[in-house]
Amino acid sequence: MTELQVVGQTVVRRDNRAKVIGEARYAADIAVPGMLHMKIVFAGRPHALIHRLDTAAARAVPGVVDVITAADVPVNVRGLIRPDQTVFCDKKVRFEGDQVCAVIADSIEAAEAGARLVHIEYEDLPILASPEEAMREGAPLIHDDWPGNICYRIQLNKGDVDAALAAADIVISGEFNTPMQEHAYLEPEAGLGYIDEEGRVTVRTSGQATHDDLRQIAAALDLPEDRVRVIYGAIGGAFGGREDISVQAALAVAAWKLRRPVKVVWSREESIVGHGKRHAYTIRHTWGASRAGELLAAKVDILSDAGAYNYTSSEVLINFLYSAIGAYQFPNISIDGVTVYTNNIPGCAFRGFGSPQSIFASEIMIGRLSEALGIDPVTIRLKNCVHNGSTLATGAPISGYIALPELIEACVERAGAVREGARWRLPRPQQPLSPNKRRGFGIAAGMKNSGFGWGVPEGSYARVVLYGKEEIERAELYTAAADVGQGTHSVLAQIAAETLGVPLEKVEMIVSDTASAGSSGPCSASRMTIWGGSAVEAAAAGALASWQNEDRPASGGGWWEAPKTTPLLPDREANMNFVSYAYGVHAVEVEVDVETGEIELTRFIAAHDPGRAVNPQQVIGQLQGGLVQALGWTLTENFQTHGGHIRTDRLSTYLIPTIADVSVPVEYVIVERPDDVSAYGVRGVGEIGMVLPAPAIAAAIHDATGVWFDRLPLTPESVATRLMEHAR
Amino acid sequence: MNEVTVTLTVNGQAHTVTTAAQKTLLYLLRDDLHLYGTKDGCREGECGACTVLLDGRPVNACLVLAGQADGREVVTIEGLAADDRLHPLQHAFIQAGAVQCGFCTPGLILSSVALLEQHPHPDDQQIRRALTGNLCRCTGYTKIIEAVKLAAGEMAMEVEHD
């Protein structure tokens with residue numbers, strides 16, 4: 001390959017100028033003459049039958065134009081994966097963020113006044129506030145057609161786990177609990193619904209996949225998909241929380257019924273109550289190993305809280321079929337996982353898609369095994385982790401170069417670890433003089449699939465049109481890909497410029513509008529740079545061929561199909577569940593105040609393989625952002641529900657990291673090992689940074705205090721309490 | 001509905017606005033003056049996305065009633081660039097890669113402007129203290145600190161040239 005000119009360069013993102021001068025337009029920043037304002041009425045109670053919905057008083061408020069309800073929705077169904085939710089509840093509400101109706105008025109004040117006067121007669125039902133309660137014999141059904149409130153179940157068996165555990169030199173067990181997490185993207189949900197100049201029902205909002213939003217809107221309105229349009233402007237963060245629709249369907253119904261522009265802007269409280277959360281998981285492991293540190297058997301029981309609707313609960317659980325055992329190899333495996341409907345807020349996608357939860361548990365297990373066997377944490381990981389030629393728990397070959405072993409070595413070497421024969425000597429942090437403070441060192445290693453996998457059809461649409469005579473003067477790149485803030489559009493422009501051999505400035509982008517491009521699929525599963533990028537490369541190559549054929553303008557592109565994957569197949573040999581992966585290793589030194597329970601990070605090293613960094617600055621930016629989100633999940637964020645009610649519905653009660661909380665300078669070790677399935681060998685980097693901090697910190701705390709923590713978050717109170725219990 | 005008439009200077013321009021008495025400065029800027037660069041992230045002074053300079057001091061515009069801005073001078077993100085020339089902080093945020101989704105960016109830049117007025121050469125600790133009221137969920141903050149230092153350096157050079 002000739003040397004790359006644009007891919008691999010830190011170039012200025014094309015959206016940033018508008019963002020620093022205040023000209024970028026987010027969903028709430030759009031105002032059009034004559035627009036109406038919408039206030040959505042939430043259930044406010046976790047489980048109840050609706051006996052009567054009386055909108056008369058609301059309609060009588062001066063300025064109120066209409067109140068839209070279930071009766072206004074032609075096909076009152078929504079759902080990204082499973083159509084188990086209504087646009088507006090008609091008979092029953094299943095969590096407090098369920099939408100019952102929406103008041104539309106000529107001012108926000110009138111809409112709010114009307115919303116307060118909507119009268120709903122409810123009959124409260126028993127609240128199933130946890131998976132355990134929902135699975136209890138005789139528990140009421142949240143959805144009539146899902147017996148036992150079981151939302152989804154996975155099972156996988158390889159070898160003979162019971163026999164292997166019986167024969168193992170050592171068997172250890174553990175139970176791990178991980179909490180919900182709020183995305184807390186800075187931009188609350190908002191949008192404008194209207195009828196466009198071609199008569200299409202149009203929603204301009206913030207999301208992760210224009211075409212997934214469109215599909216659900218078209219289905220609810222019973223319209224052909226070409227009569228609906230979805231447009232994204234600047235998007236204020238997403239992290240998985242915008243995969244499921246929030247305001248989209250309500251806006252579309254309102255605009256379609258009233259034939260007028262309708263705007264909605266959620267408050268922070270509405271955002272927190274109204275969109276899904278990272279799933280709470282309970283994970284039970286029993287592992288058997290030989291005295292020499294070979295992993296022999298893993299038995300894993302998994303229970304997650306799906307909340308009131310599936311959203312992506314089933315898909316997040318399916319990912320445990322490989323990630324439950326971390327990035328390790330076991331000859332005998334038994335996995336049994338259930339996600340359960342409850343009256344809590346739905347669990348949904350969140351950066352890592354189950355891997356932060358699974359890797360937290362499996363990395364602590366390997367750490368405990370290392371301690372129990374007296375084998376250092378590096379050696380036991382290198383002995384058992386995936387390497388070139390390894391397979392997943394399902395039997396699927398792990399395609400592409402597997403950099404994990406060398407990332408482990410690179411990371412711990414940077415931290416000061418030294419290889420001594422067959423063992424590694426880890427750095428011993430210098431202990432502080434204060435008698436209350438102890439320092440410790442810990443590591444965590446892991447992997448995360450890029451792309452959906454599991455046989456889900458995947459690919460991406462892109463089109464490139466070239467203008468000029470002798471030379472290409474201008475290239476238009478059409479893509480519907482969302483730029484949720486991670487810089488997708490700039491990266492895709494770099495790939496187009498590189499493939500076309502033109503300077504970056506010549507690439508003009510027409511983006512995020514279903515009217516101008518086919519589906520790119522969602523910005524999720526760390527997939528947009530690998531698959532969206534591959535589609536752009538193919539489109540640019542096609543346009544270049546057309547150019548060389550003297551076509552003016554020249555064009556190329558269309559739907560680009562990603563390599564096929566399979567669902568879990570009984571024939572282990574036939575599985576190919578993913579085709580691309582990200583790997584990472586984190587090493588952390590912490591200082592624990594054993595009296596107050598406060599944790600301070602004193603050193604942090606993160607080793608990753610981005611395949612090839614299209615924009616190195618953005619790669620580091622993704623890793624930094626994921627890492628700090630993980631610090632929040634691990635240390636400060638404490639999402640609380642009680643009896644189905646969310647108690648942390650504000651940023652003053654749900655504490656995401658501030659700039660003052662992040663004082664450790666993280667050292668990045670970047671090892672580029674290009675992948676063989678994607679354009680320019682890129683790998684996903686969006687999620688892997690989120691996956692490793694929690695277990696690395698837990699390992700470091702153990703090194704400092706001798707206590708293993710198996711439950712997040714590690715707030716000062718929870719750490720101090722646990723240390724006190726342990727001392728007794 | 002009670003109304004209030006407010007006379008204020010925004011980005012150097014005088015405005016007289018009659019608006020709802022309960023309206024905050026945030027929504028006066030957005031709804032009445034159509035300055036959408038000031039963002040609404042929480043309406044309770046927790047996120048800092050609505051930070052503007054009020055008589056040179058950074059405030060959460062969501063916690064200031066429109067009436068309280070009467071007779072005062074407001075600077076929003078739209079008022080920082082002189083003609084087409086970016087403020088050094090705007091330039092530095094771009095260069096350092098300190099912008100991802102960008103929703104927190106206007107507030108962070110304005111808080112940084114106020115910081116550099118007071119402390120032209122801030123250390124990490126001073127930067128952290130000055131920006132602790134501005135939440136960012138994308139960047140992890142490291143590049144924001146780099147951007148502020150970069151801008152401080154640039155501004156010091158400009159002063160030398162002057």
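The values are calculated or read from the model by the stated rules, or taken from the named source; none is laboratory data. What you are looking at is a predicted structure, and each value in this text was computed from that prediction instead of being measured. Using ideal geometry, Cβ is built from the backbone for each residue, glycine included, and neighbour counts are taken over all protein chains shown.
A few notes on this one:
- Complete set of residues in segment A:652-667 that are touching a Ser or Thr at 6+ places or on another chain (Cβ under 9 Å) and either more than 20 Å from residue A:617 (Cα to Cα) or more than 9 Å from every other protein chain (Cβ to nearest Cβ) (or both): A:654, A:655, A:656, A:657, A:658, A:660, A:661, A:664
- When segment A:382-400 is filtered for residues that are crowded, with 18+ Cβ neighbours inside 10 Å and under 26 Å from the mean Cα position of the chain (by Cα), the ones remaining, listed by number, are A:385, A:386, A:392, A:393, A:394, A:395, A:396, A:398, A:400.
- Qualifying residue in segment A:196-206 (condition: farther than 30 Å from residue A:227 by Cα and either touching a residue at least 40 places away in the same chain (Cβ under 8 Å) or surrounded by fewer than 24 Cβ atoms within 10 Å (Cβ to Cβ) (or both)): no
- Filtering segment A:239-277 to residues that are basic (Lys, Arg) and under 23 Å from the mean Cα position of the chain (by Cα) leaves A:242, A:268, A:277.
- Being in a strand (DSSP E or B), of a type in the set (A, V, I, L, M) and either under 17 Å from the mean Cα position of the chain (by Cα) or outside the structural domain of residue A:522 (by TED's automatic domain parsing) (or both) is a property that holds for residue A:338.
- Pick from segment B:134-162, criterion among the charged types (D, E, K, R) and surrounded by fewer than 20 Cβ atoms within 10 Å (Cβ to Cβ), ranking: nearest to the other protein chains (Cβ to nearest Cβ): B:146
- Single residue of segment A:435-452 satisfying the filter (over 30 Å from residue A:526 (Cα atoms) and at pLDDT 95 or above) that is surrounded by the most Cβ atoms within 10 Å (Cβ to Cβ): A:440
- Residue list for segment A:516-533, restricted to those being on the phi < 0 side of the Ramachandran plot and buried (at least 24 other Cβ atoms within 10 Å of the Cβ): A:520, A:522, A:523, A:524, A:527, A:528, A:529, A:530, A:531, A:532, A:533
- Taking the criterion of being surrounded by fewer than 24 Cβ atoms within 10 Å (Cβ to Cβ) and under 14 Å from residue A:24 (Cβ atoms), the only residue of segment B:85-106 that qualifies is B:94.
- The one condition from (1) within 26 Å of residue A:582 (Cβ to Cβ); (2) at pLDDT 95 or above; (3) of a type outside the set (D, E, K, R); (4) surrounded by fewer than 17 Cβ atoms within 10 Å (Cβ to Cβ) that residue A:665 does not meet is (2).
- Residue B:79 fulfils the conditions (1) in contact (Cβ under 8 Å) with a residue 24 or more places away in the chain; (2) over 22 Å from residue B:159 (Cα atoms); (3) more than 8 Å from chain A (Cβ to nearest Cβ) except for a single criterion, (2).
Residue-by-condition table, conditions (1) over 22 Å from residue A:335 (Cβ atoms); (2) assigned to a strand (DSSP E or B):
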residue: A:128; (1), (2): yes, no
residue: A:142; (1), (2): yes, no
residue: A:153; (1), (2): no, yes
residue: A:166; (1), (2): no, no
residue: A:177; (1), (2): no, yes
residue: A:184; (1), (2): yes, no
residue: A:199; (1), (2): yes, no
residue: A:202; (1), (2): yes, yes
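- Filter pass, residue B:56 being more than 9 Å from the chain's Cα centre (by Cα) and within 12 Å of another protein chain (Cβ to nearest Cβ): no
- Of everything in segment A:186-237 that is within 14 Å of chain B (Cβ to nearest Cβ) and polar (S, T, N, Q), the residue that is nearest to residue A:258 (Cα to Cα) is A:206.
- Residue, nearest to the other protein chains (Cβ to nearest Cβ), within segment B:8-30, restricted to residues that are free of Cβ contacts under 8 Å to residues at least 12 places away in the same chain and under 20 Å from residue A:21 (Cβ atoms): B:30
- Filter pass, residue B:70 being within 16 Å of residue A:17 (Cβ to Cβ) and either surrounded by fewer than 24 Cβ atoms within 10 Å (Cβ to Cβ) or touching a residue at least 24 places away in the same chain (Cβ under 8 Å) (or both): no
- If you filter segment A:633-652 down to residues that are among the small types (Gly, Ala, Ser) and in contact (Cβ under 8 Å) with a residue 12 or more places away in the chain, you find that the one that is surrounded by the most Cβ atoms within 10 Å (Cβ to Cβ) is A:644.
- Residue A:240 meets each of the listed conditions (1) of a type outside the set (A, V, I, L, M, F, W, C); (2) in contact with a helix residue (DSSP H, G or I) (Cβ under 8 Å, 6 or more places away or on another chain); (3) surrounded by 24 or more Cβ atoms within 10 Å (Cβ to Cβ) apart from (2).
- Any chance residue A:273 is in contact with a Gly (Cβ under 9 Å, 6 or more places away or on another chain) and crowded, with 24+ Cβ neighbours inside 10 Å: no
- Exactly one residue out of B:45, B:37 is within 11 Å of chain A (Cβ to nearest Cβ), within 27 Å of residue A:650 (Cα to Cα), surrounded by fewer than 21 Cβ atoms within 10 Å (Cβ to Cβ) and touching a helix residue (DSSP H, G or I) at 6+ places or on another chain (Cβ under 6 Å), and it is B:45.
- Yes/no for residue A:674 being in contact with a helix residue (DSSP H, G or I) (Cβ under 8 Å, 6 or more places away or on another chain), within 30 Å of residue A:403 (Cβ to Cβ), at pLDDT below 95 and surrounded by fewer than 24 Cβ atoms within 10 Å (Cβ to Cβ): no
- Applying a threshold of 9 Å to beta carbon distances and a minimum spacing of six or more residues, or different chains, the list of pairs starting in segment B:138-162 at a residue that is on the phi < 0 side of the Ramachandran plot and ending at one that is among the β-branched types (Val, Ile, Thr) and modelled with pLDDT under 95 reads B:142/A:662.
- Within segment A:598-618, the residues that satisfy the criterion of being assigned to a loop (DSSP other than H, G, I, E, B) and away from chain B (no Cβ under 14 Å) are A:598, A:609, A:610, A:611, A:612.
- Residue match in segment A:541-558 (condition: touching a residue at least 24 places away in the same chain (Cβ under 8 Å) and either assigned to a loop (DSSP other than H, G, I, E, B) or among the basic types (Lys, Arg) (or both)): yes
- Residue count for segment B:107-133, restricted to those that are buried (at least 17 other Cβ atoms within 10 Å of the Cβ) and more than 7 Å from chain A (Cβ to nearest Cβ): 13
- Enumeration of residues in segment A:563-586 that are of a type in the set (A, V, I, L, M, F, W, C) and within 23 Å of the chain's Cα centre (by Cα): A:568, A:576, A:578, A:579, A:582, A:585
- Which numbered condition residue A:490 misses (of (1) polar (S, T, N, Q); (2) surrounded by fewer than 23 Cβ atoms within 10 Å (Cβ to Cβ); (3) outside any helix (DSSP H, G or I)): (3)
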